[in-house]
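The values are calculated or read from the model by the stated rules, or taken from the named source; none is laboratory data. Treat the numbers as computed from the prediction; the structure is a model and nothing was measured. All Cβ positions, glycine included, derive from the backbone under ideal geometry; neighbour counts span all protein chains shown. For accessibility, only protein heavy atoms count, side chains too; no ligands or nucleic acids. Shrake-Rupley method; radii C 1.70, N 1.55, O 1.52, S 1.80 Å.
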Amino acid sequence: MKRLIEVMIILLFFLLQSTLFQHIAFAGIVPNLMIIVTSGCGYINGKTDGMLAGFLSGLLMDVFYGDIIGFNALLFLFIGYANGYANRYFFPDDVKLPLVFVSLSDIVYLMVTYIVRFLLRARFDIGYYFLNVMLPELVYTSVIALLLLLPIVYMSRRGGVFEKYGE
């Protein structure tokens, strides 16, 4: 049942990223909700759930937006696995640490994307990419993650909605 809920959340976040957030993009930058859900699943539920969430999130992005099937799936799988290592530090009262993990995950995603898609094609303008793509997306994703994490923390305080699943 827990995995079914995670899959439904992944689909919901993908639909939100593909529809609603496309209309509220700032300067063409859309927050990466797939990073938020992958990082959150890994951080809250452990490595296995982080890998599952990452693979499904990346696969959805590859099928609908990617030109290389499997690139995002593999990258998100590793991000979910890495966030799963921090599961032992999960406390429902803390919002700062998940926000840090979401931000670090987004930086890793953007840097690997830059290396694979631009640097290997001899496009060396990382300053432009950092100022016009990486930094705005990082800030936008972090703000949205904060807005999404606050209700999760509130629900976990009120009713014990989330349990700590260790691996």
Practice problem: Can you send over the solvent-accessible area of V108, 1.4 Å probe, protein chains only, in Å² to the nearest 10? | Solution: 70
Quiz prompt | Label point distance in nm, L15-F118, each placed 7 Å from Cα along Cα→Cβ | solution = 3.3
Quiz item: If you take the square roots of the eigenvalues of the alpha-carbon gyration tensor of region 1-69 and sort them as a ≥ b ≥ c, do you get rounded (a/c under 1.5), prolate (a/b over b/c) or oblate?
Solution: prolate
Exercise. Let me know the charge dipole size of the chain about its Cα centre in debye, to the nearest 20, where only the beta-carbon of Lys, Arg (+1) and Asp, Glu (-1) is charged.
Key: 160
Quiz item: In deg cm²/dmol, rounded to 500, what helix-only [θ] at 222 nm does the chain give when every DSSP H run of at least 4 residues adds -39500 (n - 2.57) and the total is split over its residues?
Solution: -23000 deg cm²/dmol
Exercise. Take each of the peptides 42-53, 6-17, 113-124, average the number of other beta-carbon atoms within 10 Å over its residues, and list them starting from the highest.
Key: 42-53, 6-17, 113-124
Quiz item: In region 1-128, carbon and sulfur make up what percent of the accessible area (probe 1.4 Å)?
Solution: 75
Exercise. Positive end of the charge dipole of the chain (Lys, Arg +1 and Asp, Glu -1 on Cβ, about the Cα centre): tell me which of L74, G84, T19 has its Cα farthest that way.
Key: G84
Quiz item: Can you list, largest first and rounded to whole Å, the semi-axes you get for region 71-136 by taking the square root of 5 times each eigenvalue of its Cα gyration tensor?
Solution: 28, 15, 6
Quiz item: When log10 I(q)/I(0) by the Debye sum over Cα atoms at q = 0.10, 0.11, 0.15, 0.18 Å⁻¹ is calculated directly from the model, which label among (1) -0.35, -0.43, -0.80, -1.15; (2) -0.51, -0.59, -0.92, -1.17; (3) -0.31, -0.38, -0.73, -1.09 fits?
Solution: (1)
Exercise. Would you mind getting the accessible area per residue of region 1-75, heavy atoms of the protein chains only, 1.4 Å probe, in Å²?
Key: 48
Quiz prompt | Set of region 96-123 residues, backbone N closer than 19 Å to the point 7 Å along the Cα-Cβ line of V139 | solution = 99-100, 102-108, 110-111
